[in-house]
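Since the structure comes first, as structure tokens, the remarks are kept for the end.
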Amino acid sequence: MSTPAIRTEKLSKVYLSGFWRIPYTGVEDLDLEVPEGTSFGFIGPNGAGKTTTIKTLMSLQKATGGRAWIHGIPVPDPESRRRVGFLPERPYFYEHLTAGEFLDFYGRLVEVPGAERKRRITRLLDRVDLARFRDVPLGKFSKGMLQRAGLAQALIGEPDLLVLDEPMSGLDPLGRVLVRDLILEERRAGRTVFFSSHVLADVEAICDRVAIVVGGKLRGQGTVPELLGHTVAHVDCVFDGVEEGGEGVEAGAEGVRAAPGGSVHKRLPPEDVDRWLDAVRKAGGSVQSVVPAQRTLEHVLLDEVERARPVNAKRLGVLA
Amino acid sequence: MSQMLAVAVNTFREAVRDKVLHSILFFAVLLLVVSLGMQEITIGDQAKVVRGVALGGISLMGGLIAIFLGVGLVWKEIERKTIYTLASKPVARWRLLLGKYLGLWLTLAAEVGILALLYTVVIGSQQGLPSMDVYVAIGMLMMELTLLCAWATLFSTFAAPTTASAYSLCIYLIGHFSDDLKLFGDRSDDPTFKALCGVLYRVLPNLDVFNVRAEAVHGIAVPASELLWALAYGGGYTAVVLLVAMVVFERRDFK
């Protein structure tokens, strides 16, 4: 079995806040495993601990408990970051540098040899659609352009692992497509992409595996089908020849009565569908359509947030 | 080493493109030129006064630049969040800090070099080529600035620029009154004050050991042993301050 690209074991980060050094848990006992060659989504609500985890992996913060490895090398050994490209959330870069100088600087930091560095800079600027702005200082770039320059910076070392914190944030639809395609290309090239995002539809579309973190704790990880299960979130039904409000159906069931020309549109929980179908038929109506909607990551995440509510309240209560 | 150099070059590039630095340099040049006018209002040896004022101007502006650039060295990276992409590269933090310090030092050396060149041209045009003692004094000033910007770098690893500037200015002032501090202690009858002055005198830098400007102006040769001792003192002290800065920087969390 190959070494995971990222592995954490009971990783914890506790911040000490304010003058009285009140402890606040950022991440608690996080056990994460990101297999090599996968695109891995890291999702959770704001303040869930996504950025804390990423910053700890990138050695920007020190873990207060547990351990982490990147490609089998313990964090924070600088070697653990040797084959990693990182794009932070809302990236800020040296405004005095032009796009070309900026990539040259980061290329030097990851020790890409001179001639190869020049080739990669040209190729990457082209890839993120910034070739025309090679000699423009970053101070004049828009937010979306900076995000794209940041991606080029993360790719300059041709890393085996890309760590992207909210790469879609602040991008227009075209920018989002560019980032999404880039992630897919990297995955196709056999690289590992680990990224956090609030755009769950993109995560669902791009990722092989997903981890959900809520309140600093891991709430689940697996492939997208594993997390979604085979359950149906709800069923959209359209009934003809009936209207709501009729009597005569058994107690507790929804009432419908015959109404020629009438139509009822309902979004039903899966367990209520049979009862409604029976009621409509009994009333002499017809079933126009029954469309089951699969659960999405959004449903899964909302369920996890709901489930974690008491824990979250306790966690935030530390500061209260 | 190549990574450290890349950081140094980037720091140097950022500094020389900084508009505030251009302003300080402009005032330094202005001061140098204005010093020529001093001879019109000076009684006595006018040439010495002009040389003294010009050298003093280089020293003052050098100190300002060292503090101004040094205090923002690390803090700016944190505040602008450029530290996230920098510290996440496969480079040990101590290398990053040394690279930044080296870049700052290069900037200072370039600034002092420009001012020394201007001194040669401006003063030389009136008084003939300056003696070697003047360049020795400028070299010693560079050692002083090396030490001063190590302190500013240390402060920038944990304090905001305003606070770090205040700390650095204190070091600069105390450093130039170090001998007086010892004298105060020696003359005091209060044992606590005497002990405090003794400790401060030993711990804080004595920047006056690098000041041979008066000797240069008056053409008095400073013994080589004295200069070498001062250089060894400055080098050793700088190394210790940078070591502390590296430890602080290593332990920092970037939230």
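The values are calculated or read from the model by the stated rules, or taken from the named source; none is laboratory data. This is a predicted model, so every value here is computed, not measured. For neighbour counting, all protein chains shown are included, and Cβ atoms are generated from backbone atoms with ideal geometry for every residue, glycine included. When the accessible area is computed, the model is the full protein with side chains, heavy atoms only, and any ligands, DNA or RNA have been set aside. Shrake-Rupley method; radii C 1.70, N 1.55, O 1.52, S 1.80 Å.
Computed quantities for the displayed model
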{"read-out": "1.4 Å probe, heavy atoms, protein only - residues of the stretch A:36-84 losing at least 40 Å² accessible area vs chain alone", "value": "A:Lys55, A:Leu60, A:Lys62, A:Pro78, A:Arg81"}
{"read-out": "Estimated 222 nm signal from helices in chain A, with DSSP H stretches of n ≥ 4 weighted -39500 (n - 2.57), rounded to 500", "value": "-9500 deg cm²/dmol"}
{"read-out": "Accessible solvent surface per residue of the stretch B:2-251, calculated while the other protein chains remain in place, 1.4 angstrom probe, Å²", "value": "45 Å²"}
{"read-out": "Degrees, to the nearest 10: B:2-16 long Cα axis against longest axis of chain B", "value": "60 degrees"}
{"read-out": "Residues A:Asp240 and A:Asp31, FRET efficiency given R0 of 51 Å [Cβ-Cβ distance, rounded to 0.05]", "value": "0.45"}
{"read-out": "Beta bridges per DSSP with both ends in the protein assembly as shown, % antiparallel, nearest 5", "value": "70 percent"}
{"read-out": "Heavy-atom accessible surface of the stretch B:2-251: percent carbon and sulfur, 1.4 Å", "value": "71 percent"}
{"read-out": "Over chain B, relative contact order from alpha-carbon pairs under 8 Å, at least 6 apart, %", "value": "25 percent"}
{"read-out": "Interface size A-B, as summed buried accessible area [1.4 Å probe, Å², nearest 100]", "value": "2700 Å²"}
{"read-out": "Prolate/oblate/rounded label for chain A (Cα gyration tensor, a/c 1.5)", "value": "prolate"}
{"read-out": "Efficiency of FRET from Cβ geometry, B:Val240 and B:Arg17, R₀ 45 Å, rounded to 0.05", "value": "0.90"}
{"read-out": "Between the stretch B:106-174 and the stretch B:188-255, the Cα center-to-center distance that results, in Å", "value": "15 Å"}
{"read-out": "With all protein chains modelled, accessible area of B:Trp105 [1.4 Å, Å²]", "value": "90 Å²"}
{"read-out": "Probe 1.4 Å - accessible area at B:Leu5, Å² to nearest ten", "value": "80 Å²"}
{"read-out": "Span from the the stretch B:1-27 Cα centroid across to the the stretch A:1-65 one, whole angstrom", "value": "35 Å"}
{"read-out": "The stretch A:87-153 - accessible surface per residue (Å², probe 1.4 Å)", "value": "45 Å²"}
{"read-out": "Between 0 and 90°, nearest 10: helix B:224-251 axis offset from chain B longest Cα axis", "value": "20 degrees"}
{"read-out": "Gain on full stretching of the segment that runs from A:Arg309 to A:Lys282 - 0.36 nm per residue minus C-alpha separation", "value": "5.5 nm"}
{"read-out": "Spin-label pair A:Val291/A:Glu111, simplified geometry with 7 Å Cα→Cβ offset, distance in nm", "value": "5.7 nm"}
{"read-out": "Spatially proximal lysines relative to A:Lys55 (Cα-Cα < 26 Å; intrachain offsets below 8 disregarded)", "value": "A:Lys10, A:Lys13, A:Lys143, A:Lys217, A:Lys314, B:Lys76, B:Lys81, B:Lys89, B:Lys100, B:Lys255"}
{"read-out": "Cα lying deepest toward the dipole's positive end in the stretch B:2-251, options B:Gly37, B:Ser131, B:Thr153, charges on Cβ", "value": "B:Thr153"}
{"read-out": "Kirkwood Rh, angstrom, the protein assembly as shown [1 / mean 1/r, Cα pairs]", "value": "28.5 Å"}
{"read-out": "A:Ile73 accessible area, 1.4 Å probe, all protein chains in place, Å² to nearest 10", "value": "50 Å²"}
{"read-out": "Carbon/sulfur fraction of accessible area - chain A, other protein chains in place, 1.4 Å, %", "value": "51 percent"}
{"read-out": "Reachable lysines, given that their alpha-carbon falls under 20 Å from the alpha-carbon of A:Lys282 and they are not under 8 places away in the same chain", "value": "A:Lys266"}
{"read-out": "Per-residue [θ]222 nm for chain B (sum of -39500 (n - 2.57) over DSSP H runs n ≥ 4, rounded to 500)", "value": "-26500 deg cm²/dmol"}
{"read-out": "Partners for B:Lys182 among lysines (Cα-Cα distance below 21 Å; same-chain residues under 8 apart left out)", "value": "B:Lys194"}
